[in-house]
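Here's the structure we're looking at; comments come further down.
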């Protein structure tokens, strides 16, 4: 059983992942000749995007949901160092996502590099956070197959970050040939969103409890 706050956190994670997917899909339809493989995701929040404000708002909301969700599901994990480290990294990733919406790719802050910095914080924080938090998922009926799934999602994200940073969009032996920069960036983001929704559903379905109220003193 988990504290009822965990269920609230799970709902927040589900909502955050889904609202961003919907927001991204809608804004893409309004962007002239948008390419899933050649355009970056953040192009949707840039100056050339007619619905840039919608995209930027959805990213900020995603980041807020990641921060709140990570805090609320804290008690679902046993008290061990990997819990604090992993969930803290997810919090940092959420803060980075907020920064992506606050500093779109066309922002002049730091000659445009602020967006690159907060994007890396969001991607790397979430990817590393998933790998580390998997160690807090002790073998127990509560988690089931969540541990290998979490490692897989985090590992794919980190692997894609390395290829993306190196500009190697074909991957080893052309494994991801044809993805392009936009497709590779989506390979970074997709496992994170999938984890948020899938594990959110998993945690939401767990039996929950609430602490008993303090006894009142009779007069």
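Here are the numbers for the structure shown:
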{"quantity": "Residues within the range 29-64 that are in contact with a helix residue (DSSP H, G or I) (Cβ under 7 Å, 6 or more places away or on another chain) and touching a residue at least 60 places away in the same chain (Cβ under 8 Å), tallied", "calculated": "10"}
{"quantity": "Matching option when the condition is part of a helix (DSSP H, G or I), surrounded by fewer than 22 Cβ atoms within 10 Å (Cβ to Cβ) and modelled with pLDDT under 95, among 88, 82", "calculated": "82"}
{"quantity": "Residue in the range 48-59 that is under 18 Å from the mean Cα position of the chain (by Cα), crowded, with 17+ Cβ neighbours inside 10 Å and within 17 Å of residue 197 (Cβ to Cβ) present", "calculated": "yes"}
{"quantity": "So residue 119, is it assigned to a helix (DSSP H, G or I), more than 12 Å from the chain's Cα centre (by Cα), surrounded by 15 or more Cβ atoms within 10 Å (Cβ to Cβ) and in contact (Cβ under 8 Å) with a residue 24 or more places away in the chain", "calculated": "no"}
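The values are calculated or read from the model by the stated rules, or taken from the named source; none is laboratory data. Values in this document were obtained by computation on a predicted structure and should not be read as measured data. Glycine gets a Cβ as well: all are built from the backbone with ideal geometry, and neighbour counts include every protein chain shown.
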